[in-house]
Every structure is written in structure tokens, then in C-alpha cells.
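Here's the structure we're looking at; comments come further down.
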Amino acid sequence: MSTQPLVIGKFSLGMGDRFAHEAEAQLAACLAARKFGVEIVPVWNKSNREHNIIGSEPTSTRAAADAAVKALGWTAPYFLDADHIGLKTVDRFVGVSDFFTIDVADFIAQPADSAAVQTFVDRHPELVGTLTLAGIDRPFTITRADVERTAAKFLLAVQEAGKVYRHIVSVKGVGRFVPEISMDETDSPQTPPELLVILAAIADEGVPIQTIAPKFTGRFNKGVDYVGDLAQFEREFNDDLCVIAHAVKQYGLPANLKLSVHSGSDKFSIYPAIRRALAKHGAGVHVKTAGTTWLEEVIGLAEAGGAGLALAKEIYAEALAHMDELCQPYATVIDIDRSKLPAAAVVNGWTSEQFVGALRHDQKNPLYNANIRQLIHVGFKVAAKMGPRYLEQLKACRESCARNVTGNLLERHIRPLFL
Ligand SMILES: [Zn+2]
């Protein structure tokens, strides 16, 4: 076994393959990027929540990824992300994953031990005062009280991340996986000065994170575009990159540490800002997508017509009938206007073109309906319940499903971000 520590490259794309049928089509998008001269590291991610809803095991994600890599002759690195795990859920992933998104959002704002907060603040006088960071025009002014408040809010979460990290190390060994810490599934975004305090705490805790997923300003709803203040997003994203570069030097965090953008699919309006920022700072990024691929499967079925279209309509009807149950786990990351969801009987009369037009993320198409898109996004449980009936159609409509999966990742994601 190689003794080289696992290090993730500059640009990486998280991809979700809920039913383990699209790994090849997804990898084809990375292969195409490679032909254009840009290395995109594929990372297959599937959360514990997704595995539970579908009734699958992480070994199936590993098998699908390995098979795709073999089939397409992919020789560059690739990873399997145990997405949003904690101490209670990590064990199921620990054998097959080599990337761990340690989710500590639930521990944010649970107050840390006040002695630990004081120790932290005393150890970090450099955080207090007027900080001029390379690349940021306006210096940060951070008071001792600010550091105390931020430490009180995040220290317990960072300590928890340390526990999870050390648990994974005890099984896999140091350097045998890429650690990420995620704080995105919480109420309020973390500001760049807060990120700096958090990174200092992570370094103290001894977690060599290679990616960090803060919560950014604005709405990152599932499968649809960004909603928020574009100028503020761009300013904070740039500031975050400078904070990371500073923290790498100041606290000895891994040199390849980069931002991880969760719910990163379909955020078309911020991709130009991300692209500009990466170029300006020479920074890398991990963009995590997941359900956008499942949506392309449904689009592929609908585009194929016949039994595929019929099944896509059935998925819509069932999702509509069970909307409350399906939306509940995703309540904070979807905004569905129920009055804009057509009745199942209406959709049943649609052509392929109408169904595809409503679902495909083409904001210029007058048929596009972001409410239908979000409902289907959370509706994968319906397909999981269909079991073999769904999987048979995925095979029968392979060409159109694969074409849409690859085209979506390459043309709507990789191209505007990286090519
Ligand atoms: Zn996340």
C-alpha cells in the first residue's frame, strides 16, 4: 500500500448517484473536461440520509464508482465521500470511503465550556485587533469579545469534529482519507472573520482538513438557482479565499485547503463570481452536487417517451400526493410554491417536450417550473419504492439518461465554473 498521504487536487466535483446507475455518465463529464485540459477530481458522495431513504449501503456506491473508473479507463485520482457523517453514522462508511464530510452543524451554538473558550482566546492574541489580510482591501476589526463570542459558538462543534476525525484515523490511519468539516446545514451563515476563528480552532484541534464547507450568505436551495445578494456573495467568497490562504500559513493547515460549496449544483448565477475569484486568487474549490443527477435521470426517462415518460409522470403524481412527507427532511433547503404545481391529471396529459421543458434547468425556457423541479428533487424516495420497476426503466432509457446526466454536469456545471 502506498504511504503517500491522500491529497485532493485543486478542482473537484462532488457527484451524487442515488440509484448507482450513473457513475459512468458522470465520469464521462470529467473525462471530457480532461480533454479540454482541466483536471476535475471526481468525488462520489452519498449521505447517510440518502442511503436511509433509498435503502442502500455505501458499498454499492463504491462498486458503481470502481466499475465506472474501470470501464472508462480513468487513471487519475477519485474519491468516495461519506457525506454529512457524525460519530453515530460514520461506521457504515469507514471501510469504503476515503473522503469524509464531518458534519458538526448540530453542535454549533451549543455553548462550549467557558474555560476552553478562555484558553482558546488566550492562545490566540493574533486574532484580536485590526487584521490586514493579503487580498482583502478592508481590514477586519476583531475585538477580544468577538473572538470569545465566535469561540463560544463554534468551539464545541470543532471539538466534535476532532472526535470524529480521530475515530476515522483509528480505523483507517493518518493520511488515508481526505477530511472535510461542514457547517452549512445551520441557520446563519459564517462571516469571513468567523471563518478565520474557526480555522484557528480546527488547527488547534489537529484536524488536517483539506476542504471546509461554511454556510454562505443567500439561499442554496436544492436543484435550483442561487437566491441572494450576488455582490455580497462575491465579496464574502473572495474574503473566505483570503482567510483560508492566511490560515494555511498562520496555523499550518494543509496547503491544499479549499472551500467546499455544498448544494453547489444549479447555482448558475454565482458561477461567474466563483470562477473570477478562483482565477484571481489561484485557489481551488470543491463543488458538491448530488440530486441534480437524479433529476437528469427523470428527464432522461421523460425524453425517451413511452414507458419512460409514463414512469416519470407516475413519479410526479406520487411525489405530489406525498409532498409533506418528502419535503420534511429538506424543509430548510427548498422553497416550493404549491400553487404553481400542476395537478397530476394535467401532467399526465403532457408530451415528452412539455415534461422535459418543465423539469430541465433552462431558465430561458418558458415551460421551466422551479417548483416542479424542487418537488421531484426531494421525490427520489418514490423511485426507491418502485424498486426494480424504476431500475428497469433506467436501463431501458440508458442512452437518454446518460446523455442528460453527462450534459448537465459538463455544460451547465463544469464549463461555466472551470473550462
Ligand atoms: Zn452540505
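Could you tell me the relative contact order of the range 253-294? Use alpha-carbon pairs under 8 Å, at least six residues apart, and round to a whole percent.
Here the relative contact order equals 57 percent.
How would Glu234, Glu185 line up by accessible area, probe 1.4 Å, largest first?
Glu185, Glu234
I'm a student and want to see the number: the projected area of the Cα convex hull of the range 94-182, averaged over all directions, in nm².
About 7.4 nm², averaged over all directions.
Which value results when the Cα radius of gyration for the range 303-419 is divided by 2.2 N^0.38 Å?
Here the answer is 1.08, to two decimals.
Using protein chains only and a probe of 1.4 angstrom, how many square angstrom of Thr293 are accessible, to the nearest 10?
0 Å²
Quick one: compute the contact order of the chain, relative version, from alpha carbon pairs under 8 angstrom and 6+ residues apart, as a percent.
18 percent
Given the peptides 401-414, 117-130, arrange them by the average over their residues of other C-beta atoms within 10 Å, most packed first.
The peptides rank, most packed first, as 401-414, 117-130.
Take the alpha-carbon centre of the range 177-207, take the same for the range 297-375, and report the distance between them in whole Å.
Centre-to-centre distance over Cα atoms comes out at 36 Å.
So what's the gap between the Cα centers of the range 11-70 and the range 106-130, to the nearest angstrom?
Taking the Cα centre of the range 106-130 as reference, the centre of the range 11-70 is 38 Å away.
Can you pull the semi-axes for the range 143-298, root of five times each eigenvalue of the Cα gyration tensor, sorted largest first, whole Å?
Over the Cα atoms of the range 143-298, the semi-axes work out to 25, 20, 15 Å.
Using only Cα atoms, find the angle between the long axis of helix 230-251 and the longest principal axis of the chain, and express it within 0 to 90 degrees, rounded to the nearest 10.
50 degrees
Choose one of Gly173, Val117, Phe154: the residue whose Cα lies farthest towards the positive end of the charge dipole of the range 68-195 (beta-carbon charges +1 Lys, Arg; -1 Asp, Glu; about the Cα centre).
Value: Gly173.
How far is helix 114-123 tilted off the main Cα axis of the chain, in degrees rounded to 10, range 0 to 90?
70 degrees
Report the percentage of all Cα-Cα pairs in the chain whose separation exceeds 41 Å, rounded to a whole percent.
Of all Cα-Cα pairs in the chain, 15 percent lie more than 41 Å apart.
If you project the alpha carbons of the range 1-142 onto the principal axes, what extent comes out on each, in Å, largest first?
Principal-axis extents of the Cα atoms in the range 1-142, largest first: 55, 39, 31 Å.
Given H placed 1.01 Å from N in the peptide plane, which residues other than close sequence neighbours of Phe100 have an amide H under 5 Å from its amide H?
Hits under the 5 Å cutoff: Ala82, Val178, Glu180.
Which pairs in the list Lys288/Lys395; Lys35/Lys172; Lys222/Lys340; Lys70/Lys172 are over 29 Å apart, alpha-carbon to alpha-carbon?
Cα-Cα > 29 Å for Lys35/Lys172; rest within.
As a test of the formula, what do you get for the chain when each DSSP H run with n ≥ 4 contributes -39,500 (n - 2.57) and the sum is divided by the residue count, at 222 nm and rounded to the nearest 500 deg cm²/dmol? Write down the numbers at each step before the final one.
Numbers: 19 runs with 212 residues, N = 419.
When only DSSP H runs of four or more count, the value is -15500 deg cm²/dmol.
The values are calculated or read from the model by the stated rules, or taken from the named source; none is laboratory data. Since the model is a prediction, treat every value here as computed from it, not as a measurement. As a convention, Cβ positions derive from the backbone with ideal geometry for all residues, glycine included, and neighbour counts pool all protein chains shown. Protein only, heavy atoms only, side chains kept; ligands, DNA and RNA dropped before computing areas. Shrake-Rupley method; radii C 1.70, N 1.55, O 1.52, S 1.80 Å.
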